[in-house]
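Presented below is the structure to which this report refers.
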Amino acid sequence: MSKPVQTINRYKADLREFKFLLFEQFKLDALLGKEPFTSWGVEEVESSINECYRFVREVTGPLNTIGDVQGCTLVDGKVKTPDGFKEAWTKLYEAGWKSIGVDPEYGGAGAPHSVRVVIEELICGSNASFSMYAGLSHGAAEVVEAFGTPEQKALYCERLFSGKWAGTMCLTEEQAGSDVGSARSTAKRNADGTYTIAGTKIFISAGDHDLAENVIHLVLARVDGAPAGTKGLTLFIVPKIRVDAAGKLGKPNDVKVAAIEHKMGINGSSTCVLAFGEDGGCIGEPVGGDSKLNQGMPQMFRLMNGARIGVGLQGLGVSSTAFLNALDYAKVRKQGSNIAHFKDATAPRVPIIEHADVRRMLLDMKARVEGIRALIMKLVMHEDCARALGGTDEKLRQYHHGQVDLLVPLVKSYASDQAFRICETAIQTYGGAGYTRDFPVEQYCRDAKIFSIYEGTNHIQAMDLVGRKLGQAGGANLQAFLGDVAKFVAKESAHPVIGPEVKRLGLAQEALAGSAMKLLSWFQSGQIALVPLNANRFLGMMSELTVAWLLLDAAVIADAAAKKVDPKHPDAAFYAGKINAALYYARTCLPNVDAAAKAMADEDKTPIEIPDAGFATV
Ligand SMILES: Cc1cc2nc3c(=O)[nH]c(=O)nc-3n(C[C@H](O)[C@H](O)[C@H](O)COP(=O)(O)OP(=O)(O)OC[C@H]3O[C@@H](n4cnc5c(N)ncnc54)[C@H](O)[C@@H]3O)c2cc1C
């Protein structure tokens, strides 16, 4: 007999960790109560996090398994989402969690980005599939907010931010995946100024569903006569149901769901093949109007930063709950005896958390999860600091924006690559039970795989880092980043607890700087093939360096705070955990940076030199 579908919440988060990051490590309180965060204080931030955690455990968390088991279905050309998703959508927007960071002009609460990402982590971690619908709607709204005409903003922004309507991003076509510029969808201008759209998009997340009354597709298409490649792409607003200027729904807009995909994970998220204009009746308008034709990619890039951080948050949310579930299991599952009694068959069985290798896996997951969270927080604090400047210091604003640009590929790639590996380690921690559906970690692992693929594969991110970001502002952004690490090393090398690890960080920083020069030399000497061969490796090195830096920074703070805490207070163990995570990561992961730098210096070309037929004889 098959086991019933779980409808209980299995999502877990460590709220103490959020408060440490926001207030002890990144000092958000210094920005609160001032422009543009005048209505936000420490109390508002803490109560929002507590309240949202309660919400996700009651509303979205219990739907995670149902979404996985039921998936989405296509009924009479319309997508039906899993049971409970519609009610959860209504509650999510009524509670205001999706609009917490939105500009008050569009009905939001204007929270700092650093607070918004905590809320997003809770939503994504509790139910990654469900989070896709609202995430894409939010992204579409941000594009219209940034680039739309005043009329488009008035018509779409608040409705998209409030969940009345939903949104999508339609880039991918069968022949145009990573190579977005190969898109063949077309747009023809009509006499009334609208455009007739035609083409088929594949893999469109939230491409159709029953959660909102309309779906607003943002579609990349080429206007007749526009240049080939990405330069000729325009972004069009294409509603599923046509709307008038007042937002009243009209006729269907000739957008058909040709199919939905059956996938490895995120089954509760509908992934659609969408046919636009099969009957010649699909109408759209360019985002920003006719003056913004061929601006689709620059507009998308603006959205991409937010979307890529969003994918990093999905990775963080899912891997964090995988780790915390594995930790709970390790405390109760009894197996084997303590190694000190290995000869005594009658020795008591102990919880597996007492075994050294299980502790290694738990600390490995903890260090990586908390490192990813710190990496994301570092990025969004740059955003919040830039916003708080309010145009007062252009040089400082440029510094913050430069760091955001530099860190986005790390957040997207490192978080997503690691998420899958952390979830796999969580399964390993459980043993056989982790491989079954009795526990949530096998779903987490399946759900997490997509994060390294969509929103640009992680190799595309790595090429963005080495091909574009390292050289941005004449290399000044990278120099500023390396300088920030160097300052920390200079300050903390003699630290009594983590001094040796900080010195190791200094060596890794030098190795990374050397590898950046290596990349430059390959560009300059025409050895261009070595660049993509080493791009992922360089992104990994820079991510590990950044994570080690931020974990060691946290350890310095934790060490000082621990001295003021009663050893029996739970904070004493919390701070000890922070210090141990940093030491572990610096000793176990940081050496990878040096090893990777040496591998880069070897200039290995075997993946290029091996003949195609040499891969296998089949
Ligand atoms: C569940 C799901 C949801 C999605 N949601 C959306 C969505 O909402 N909207 C949307 O527009 N798209 C969406 N996508 C599409 C997704 O963004 C693409 O799958 C992704 O960009 C990769 O494209 P592709 O699948 O065609 O792979 P390909 O581009 O064919 O890549 C295959 C492999 O080749 C590598 N590769 C490709 N080109 C190069 C190159 N020039 N140099 C080196 N390596 C290269 C890739 O890194 C990858 O390893 C979704 C996909 C999935 C599976």
Per the charge dipole of region 41-120 (beta-carbon charges, Lys/Arg positive, Asp/Glu negative, Cα centre), the residue among GLY96, GLY107, GLY84 reaching farthest to the positive end is GLY84
Two pseudo-spin positions, 7 Å from Cα along C-beta at ARG16 and at ARG468, lie apart in nanometres by 4.1 nm
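Rule-of-thumb check for region 29-179: C-alpha Rg over 2.2 N^0.38 Å?
Values: Rg = 16.8 Å, N = 151, 2.2 N^0.38 = 14.8 Å.
My calculation over the Cα atoms of region 29-179 gives 1.14.
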For GLU609, the accessible surface traced by a 1.4 Å probe with all protein chains present amounts, in square angstrom to the nearest 10, to 120 Å²
Whole-Hz Karplus couplings 3J(HN,Hα) for region 244-249, θ = phi - 60° and coefficients 6.51, -1.76, 1.60, Gly and Pro as x, run 8, 4, 8, x, 6, 6
Phi angles of region 138-146, converted by Karplus (6.51 cos²θ - 1.76 cosθ + 1.60, θ = phi - 60°) into ³J(HN,Hα) in whole Hz with x for Gly and Pro, give 4, x, 4, 4, 5, 5, 5, 4, 7
Given backbone amide H placed at 1.01 Å from N, residues whose amide H is under 5 Å from that of TRP165, ignoring those fewer than 5 places away on the same chain, are LEU160
Summed over the other residues with a beta carbon less than 15 angstrom from that of LEU389, with K and R at +1 and D and E at -1, the charge totals -1
Taking a straight Cα-to-Cα line shorter than 17 Å from LYS98, and setting aside same-chain lysines fewer than 8 residues away, one finds LYS86, LYS164
Residue-ordered couplings for region 275-280, obtained by feeding phi - 60° into the Karplus form 6.51 cos²θ - 1.76 cosθ + 1.60 and rounding to whole Hz (Gly and Pro as x), are 9, 9, x, 4, 9, x
Once the in-chain neighbours fewer than 8 apart are removed, the lysines whose Cα is under 23 Å from LYS201 read LYS78, LYS80, LYS188, LYS231, LYS240, LYS251, LYS256, LYS263, LYS292, LYS449
Net charge near ILE49 (other residues with Cβ under 12 Å of its Cβ; Lys, Arg +1; Asp, Glu -1) is -4
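Mind checking the dipole of region 187-292: about its Cα centre, +1 per Lys or Arg Cβ, -1 per Asp or Glu Cβ, Debye to the nearest 20? Don't skip to the end; give the middle numbers.
On the way: 12 positive and 12 negative charges, 54 e Å.
Dipole of region 187-292, to the nearest 20 debye: 260 debye.
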Dividing the helical contributions, -39500 (n - 2.57) per DSSP H run of n ≥ 4, by the residues of the chain yields a 222 nm value, nearest 500 deg cm²/dmol, of -17000 deg cm²/dmol
Longest principal axis of the chain (C-alpha) makes with the long axis of helix 394-430 (C-alpha) an angle, in degrees to the nearest 10, of 70 degrees
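Taking only protein heavy atoms and a 1.4 Å probe, what accessible area per residue, in Å², does the chain have with all protein chains in place? Don't skip to the end; give the middle numbers.
Values: 25810 Å² over 618 residues.
Accessible surface, normalised per residue, equals 42 Å².
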Burial-style ranking of 16-24, 31-39, average other-beta-carbon count within 10 Å with highest first, yields 16-24, 31-39
Pseudo-spin-label distance ARG54 to THR194, built 7 Å along Cα→Cβ, given in nm, is 4.7 nm
Taking 0.36 nm per residue of separation between ALA480 and ARG302 and subtracting their Cα-Cα distance, the length gained on full extension comes to 61.8 nm
For THR194 the rounded accessible area (nearest 10 Å², probe 1.4 Å, non-protein molecules ignored) is 40 Å²
If R0 = 22 Å, then VAL332 and ALA576, at their Cβ-Cβ distance, give a FRET efficiency to the nearest 0.05 of 0.50
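Rounded to the nearest 0.05, what FRET efficiency do ILE241 and LYS487 give with R0 = 56 Å and r taken as the Cβ-Cβ distance? Could you check? Show your work: numbers first, answer last.
Values: r = 55 Å, r/R0 = 0.98.
According to the calculation, E is roughly 0.55.
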Cys in the chain lacking any partner Cβ under 4.7 Å -> CYS52, CYS72, CYS124, CYS157, CYS170, CYS272, CYS282, CYS385, CYS589
Amide H contacts under 5 Å for LEU233, restricted to residues at least 5 apart in sequence or on another chain and with H modeled in the peptide plane, are GLY296, MET297
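Given a 1.4 Å probe and heavy atoms of the protein chains only, how would you sort GLU442, GLU121, GLU158, largest accessible area at the top? Walk me through the numbers on the way to the answer.
Details: GLU442 25, GLU121 5, GLU158 95 Å².
The residues order as GLU158, GLU442, GLU121, largest area first.
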Expected unfolding gain across GLU94-HIS341 under the 0.36 nm per residue rule, minus the alpha-carbon gap, is 83.2 nm
Placing +1 on each Lys and Arg Cβ and -1 on each Asp and Glu Cβ in region 329-392, then taking the dipole about the Cα centre, the residue among SER337, HIS382, HIS355 whose Cα reaches farthest towards the positive end is SER337
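I'd like the carbon and sulfur percentage of the solvent accessible area for region 302-441, probe radius 1.4 Å, heavy atoms only, ligands and nucleic acids excluded. Intermediate results must be reported in sequence, preceding the final value.
Numbers: 3120 of 5750 Å².
Using a 1.4 Å probe with all protein chains present, region 302-441 comes out at 54 percent carbon and sulfur.
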Rounded to the nearest 10 Å², the accessible area of CYS385 using a 1.4 Å probe with every protein chain kept is 40 Å²
The distance between the Cα centres of region 359-383 and region 273-318, in whole Å, is 29 Å
Counting only protein heavy atoms with a 1.4 Å probe and every protein chain in place, the carbon and sulfur fraction of the accessible surface of region 1-129 in whole percent equals 52 percent
Per the rule of 0.36 nm per residue minus the C-alpha distance, extending THR73 to VAL565 adds in nm 171.7 nm
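The values are calculated or read from the model by the stated rules, or taken from the named source; none is laboratory data. The structure presented is a predicted model; accordingly, all values stated were derived computationally and were not measured. As a convention, Cβ positions derive from the backbone with ideal geometry for all residues, glycine included, and neighbour counts pool all protein chains shown. Just the protein is used for accessible areas: all its heavy atoms, side chains included, with ligands, DNA and RNA removed. Shrake-Rupley method; radii C 1.70, N 1.55, O 1.52, S 1.80 Å.
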